[in-house]
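The values are calculated or read from the model by the stated rules, or taken from the named source; none is laboratory data. Remember, predicted model here, so these are calculated numbers, not experimental data. Cβ: placed from backbone, ideal geometry, glycine included. Neighbour counts: every protein chain shown.
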Amino acid sequence: MVYFTHIRHFFQMREIPTTGITPLLVAENLAKRLGIDHVYLKDETKNPSGSFKDRALAEQIGHYQKKGETSFVISSSGNAAVAAALFASVYKVSLDIFVSTHIAKYKLQRLDKMLEDHPGNKVGVHHVEDPKGEAREFAIEKKAILLNGSKDDIALEGYKSLGDELLMECEGKSIQGIFMPVSSGTGLLGMNQALQNMYPMYAIQTPKHHSIVDAFNNEVTPTATSKATAISITYSPRTNEVLEALRDSHGGAYSISDEELDNALSMLQVSEHTTASYDSLLSIAGLIKALQDGKPIKNAICILTGI
């Protein structure tokens, strides 16, 4: 862990919140309940703003700020907005956030709290019907940087740190599956830049947004809503790259219903006496579904992506 200790010291010296270096928890009772040897929970909620989005947005905003950029725009379903607000404050740049008028109440409260805690932020929040479209037009008009992780390779660099950590944490462990909730799949691809298909990877989505699962095996019966609101991209420009990573790593893709999410929540509460957001529960529900599907998994990692 010497490498990551140096990273933490570097960030602390610059008074920058430390992203990454999140705990890998052992869910011993959950593993017993599932009939496998080990379940590890990579707890990304311990990032500064509470989600794995910190990894990408710290990298993106820091990168462009060093190049002299001072104005940024982002559209978000919640977690990315909170992360961007934090690092806009850290790097002292302006930020315009576009969120849906239907944003989950608890995510809006988290965003409001972040802005309250950083009153010097030059941040504007816009509640609109079409966040992605209006953010794109606003960025063009203002000549600002559009923070779009699904297209920006700088975001991949941020997520690569997740794979770097797992490489160290999994040394000596036999892992048959890493389960990760995905929208565009940028996080999974960045992680795999470090892992290089060493472990089977599983992309987990919802019946509301399921383009990667569709492309992988066409098994989804669509629904109009999902309790996991962070999966919000209708189509990912990285679909082909994600499919290649899933197949080369001998992994897969699953869509998780609200009923399956509730089952995962109940199982986590009963076995480990703890809880998680529906977004994070996608990974645990994905593991359960893979086991039901007959996948030969004895040791698995579930990425808890956000609060």
* Asked: In the list K105, K160, K173, K132, which residue meets the criterion of being assigned by TED's automatic domain parsing to the domain that holds L282 and at pLDDT below 95?
  -> K173
* Only one of these conditions is not met by S174: (1) outside any strand (DSSP E or B); (2) more than 30 Å from L25 (Cα to Cα). Which number is it? -> (2)
* To do: May I ask you to list the residues in the stretch 148-159 that are surrounded by 21 or more Cβ atoms within 10 Å (Cβ to Cβ) and either assigned to a helix (DSSP H, G or I) or in contact with a Pro (Cβ under 6 Å, 6 or more places away or on another chain) (or both)?
  => A155, G158, Y159
* What are the residues in the stretch 222-259 that are part of a loop (DSSP other than H, G, I, E, B) and among the basic types (K, R), if any? -> K227, R238
* Filter pass, E116 being assigned to a loop (DSSP other than H, G, I, E, B) and without any contact (Cβ under 8 Å) to a residue 12 or more places away in the chain -> no
* Have a look at I103, I145, I175 and point out the one that is touching a residue at least 24 places away in the same chain (Cβ under 8 Å), among the β-branched types (V, I, T) and buried (at least 21 other Cβ atoms within 10 Å of the Cβ). => I145
* Looking only at the stretch 218-260, and only at residues there that are free of Cβ contacts under 8 Å to residues at least 40 places away in the same chain and acidic (D, E), the one that is surrounded by the most Cβ atoms within 10 Å (Cβ to Cβ) -> E260
* Residues of the stretch 259-307 being out of contact with any helix residue (DSSP H, G or I) (no Cβ under 9 Å at 6 or more places or on another chain), small (G, A, S) and under 17 Å from V213 (Cβ atoms), which ones? -> A290
